[in-house]
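Participant: Just passing along the structure, written as structure tokens.
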Amino acid sequence: MEDRSTELHRIYSGKIQVFPKVPITSVEDFAVWYTPGVASPCKIISKNNDLSFELTSRWNLIAVVSDGSRVLGLGNIGPYAGYPVMEGKCLLFKYLGGVDAVPIMFGTQEKDKIVELVKLISPSFGGINLEDIESPKCFYILERLQEILDIPVWHDDQQGTSLVVLAALINSLKIVEKKLNESKITIVGSGAAGLATAKLLIEAGANNKDMLIVDSKGILSSTRQDLKALSKTNPWKAELAKKTNLRNIEGSIEDAIAGSDVIIALSTPKPGTIKKEWISKMAKDPIIFALANPLPEIWPEDAKAGGARIVATGRSDFPNQVNNSLAFPSVFRGVLTVGSRKITNELCIEGAKSLANYAEKEGINENRILPSMSDFKAYIEVAYSVALKAIELDLARKKYTRKDLYDEISSVIVYQRVLMETLIKSGLINPSLHSKGSFSS
């Protein structure tokens with residue numbers, strides 16, 4: 001697969017391109033789209049910058065920003081090597097959500113420089129997607145940009161992961177007939193995804209008193225000897241150490257798992273990180289999310305053998321894939337359509353509930369807790385719910401009736417699929433070069 005991917009990247013010389021969406025039938029058309037006609041929208045925008053969301057492509061354009069410091073499972077490979085990943089992310093944004101996205105790789109890994117650079121380029125974009133930035137630096141960058149920018153800023157490793165995990169957990173708990181606020185949840189891993197997931201689950205109503213977070217040194221608690229040092233190096237982690245595990249339980253992953261209803265593992269991509277014999281010590285009908293990629297912390301068959309009722313991974317070759325791609329295209333579709341100024345935790349929780357509800361309407365079971373990436377209607381539903389919530393919270397620049405909003409979101413998402421089909425049928429994109437497998441519409 002890796003050799004095939006490299007071959008196709010070389011054939012196509014990348015995965016995305018920019019092309020016009022306005023009609024050009026002769027060179028005279030440039031007098032409208034460029035000089036002298038373009039002076040008119042320029043003058044209008046100069047009096048009100050928000051009109052750039054109506055008169056330019058900014059309303060639907062985001063930057064996928066990275067410094068290459070933590071790329072997938074590859075680590076700190078830098079901006080050049082990280083570019084194919086960001087370009088792929090842009091492809092997913094466009095195909096799944098109808099969102100125009102461009103990769104922006106920075107030649108610095110200094111957090112304040114990254115903040116300043118994003119601030120300086122922000123007039124070109126309707127939103128910012130932070131990607132593959134190491135922890136804990138990513139927490140600082142996200143918070144600072146959310147404070148200083150008037151456009152949505154999202155870090156997919158934080159908000160994207162936590163949103164999809166929450167949606168998957170909502171439906172898993174329905175199946176085993178347990179409640180979020182009564183369930184004991186253990187989170188294995190305290191990186192960006194683990195800490196963000198813990199935070200969002202708590203805001204959504206999870207039981208923080210009995211929630212346990214395990215890092216490489218053991219279970220987080222307010223009595224840990226390294227908490228004072230942690231407060232300086234990673235205050236976000238220290239805050240959750242104080243907010244969770246109010247019984248001050250100590251020990252290892254095995255100790256944390258005992259009696260838990262749910263394990264959410266976002267840690268080392270190594271089967272055996274969680275052992276099947278530990279699962280037998282969990283509460284009745286245990287739920288296991290082993291989400292490390294490319295290898296889960298425990299193989300699904302081992303988790304089932306240990307007594308797990310529901311098992312999810314981050315992989316597409318097992319049931320119950322928990323995939324960020326179910327979240328980021330639809331969330332951005334929703335906030336961009338209404339011109340939202342922020343992506344808040346309230347919007348993420350709304351998106352998670354909508355995703356869970358959509359899956360439930362289609363039918364959930366132990367092997368299907370979320371929709372698949374091929375179900376484009378799920379993206380429409382989540383985008384619509386998020387957009388409505390942004391309007392309700394007075395974050396939106398644009399107001400719509402419910403019907404007009406739904407129609408607008410649907411048309412943008414469907415348009416991209418029709419466009420792809422048209423390009424393939426016309427021969428402008430050659431599918432015969434592709435490896436087997438495709439999304440169905």
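Participant: If we scan the range 345-368, do we find a residue that is modelled with pLDDT under 95 and of a type outside the set (Asp, Glu)?
Facilitator: The answer is no; no qualifying residue exists.
Participant: Another question, if that's okay. Examine the range 46-63 for a residue that is more than 28 Å from Lys398 (Cβ to Cβ), at pLDDT 95 or above and either touching a Gly at 6+ places or on another chain (Cβ under 8 Å) or not hydroxyl-bearing (Ser, Thr, Tyr) (or both), and state whether such a residue exists.
Facilitator: no
Participant: For the range 310-360, name all the residues that are among the aliphatic types (A, V, I, L, M) and assigned to a helix (DSSP H, G or I).
Facilitator: Answer for the range 310-360, where residues must be among the aliphatic types (A, V, I, L, M) and assigned to a helix (DSSP H, G or I): Leu326, Val331, Val335, Leu336, Leu347, Ile349, Ala352, Leu355, Ala356, Ala359.
Participant: Now for a different question. Could you list, ordered by first residue, the pairs with Cβ atoms under 6 Å in which the first is in the range 245-265 and under 16 Å from Ser222 (Cβ atoms) and the second is small (Gly, Ala, Ser) and assigned to a loop (DSSP other than H, G, I, E, B), at least 6 apart or interchain?
Facilitator: Asn245/Ser221; Asn248/Ser221
Participant: Would you check which residues across the range 43-79 are free of Cβ contacts under 8 Å to residues at least 24 places away in the same chain, charged (D, E, K, R) and surrounded by 15 or more Cβ atoms within 10 Å (Cβ to Cβ) and list them?
Facilitator: Residue satisfying the conditions is Glu54 alone.
Participant: OK, next. Whether any residue in the range 246-256 is part of a helix (DSSP H, G or I) and within 30 Å of Ala63 (Cβ to Cβ) is what I want to check.
Facilitator: no
Participant: What is the residue count in the range 290-325 for residues that are touching a Pro at 6+ places or on another chain (Cβ under 9 Å) and of a type in the set (D, E, K, R)?
Facilitator: 4
Participant: Still on this structure, I have one more. Within the range 187-229, track down each residue that is within 14 Å of Val262 (Cβ to Cβ) and hydroxyl-bearing (Ser, Thr, Tyr).
Facilitator: If the condition is that a residue be within 14 Å of Val262 (Cβ to Cβ) and hydroxyl-bearing (Ser, Thr, Tyr), then Thr197 is the only one that fits.
Participant: Let me ask you something else. Every residue in the range 365-375 that is among the hydrophobic types (A, V, I, L, M, F, W, C) and surrounded by fewer than 22 Cβ atoms within 10 Å (Cβ to Cβ), please.
Facilitator: Met373
Participant: I want to confirm something. Restricting to the range 124-170 and keeping residues that are within 17 Å of the chain's Cα centre (by Cα) and of a type in the set (S, T, N, Q), which single residue is surrounded by the fewest Cβ atoms within 10 Å (Cβ to Cβ)?
Facilitator: The residue in question is Gln146.
Participant: List pairs: first in the range 288-301 and farther than 11 Å from Thr273 by Cα, second of a type in the set (Val, Ile, Thr), Cβ under 6 Å, 6+ apart or cross-chain?
Facilitator: Partner pairs satisfying both residue conditions: Ile288/Ile263; Ile288/Val311; Phe289/Ile264; Leu291/Val322; Pro300/Val311.
The values are calculated or read from the model by the stated rules, or taken from the named source; none is laboratory data. Quantities reported herein were computed from a predicted structural model and do not represent experimental measurements. Please note: Cβ atoms are built from the backbone with ideal geometry, for glycine as well, and neighbour counts cover all protein chains shown.
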